[in-house]
1. Write down the Kirkwood hydrodynamic radius of segment 42-110, to one decimal in angstroms, obtained as one divided by the mean of 1/r over all alpha carbon pairs.
2. Put a dot 7 Å past each Cα toward the Cβ at GLN58 and VAL142; how far apart are the dots in nm?
3. Place the peptides 46-52, 137-143 in order of packing, highest mean first, counting for every residue the other Cβ atoms within 10 Å and averaging per peptide.
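Throughout, read-outs are computed from the coordinates displayed, never taken from laboratory work. These numbers were taken from a predicted model, which means no experiment stands behind them. Note that each Cβ is placed from the backbone with ideal geometry, even for glycine, and that neighbours are counted across all protein chains shown.
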Amino acid sequence: MRTTRALVVAAATAAAVGLAAPTASAWDQPSGVTAAPSVIAPGGQLVLTVDGSACTRQNSTISSNAFPSATLVPKGTNSATATVTVNANATAGSYSVTTNCEGRPRTFSGVFTVIGGVRGGLGGSSSSGATPADMAIGGGLVAAALVGGGVFWMRRRSENRI
């Protein structure tokens, strides 16, 4: 009877350890990646934070199509960070990142978004200056305003004499 109980306890223990072993190795995978800021322009700096103890060890990297591979720096016992610069020629859209922790790559999709560039600095003006046609139109408007003002003033003067 005692042997049967010992065998049952040993089998239950082996089953518990057997079921827990894959779970323990799954905890070693990174659980998520966050980007700050999550929306960035080409050429901007991005801080990526990877959650998971596996990436706190040496030789852990993070990469994407939008920036070159970077080494993760441990921050505490359960996260690591990397500061990267987005390529100046990165196209607009959502980007995935791939972590490589302990030789096991894992891809996280939609971590950050690159927005299209805006052509600024001109404020809607042309860079070549006013053309002769622009000068003629402006001069004509000023002449029309002067003539209209003169006619109004002359009519007003004549009304006061009556």
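1. Numbers: mean 1/r = 0.0822 Å⁻¹.
Kirkwood hydrodynamic radius for segment 42-110: 12.2 Å.
2. 7.6
3. Values: 46-52: 19.3, 137-143: 10.4.
So the order, starting with the most tightly packed, is 46-52, 137-143.
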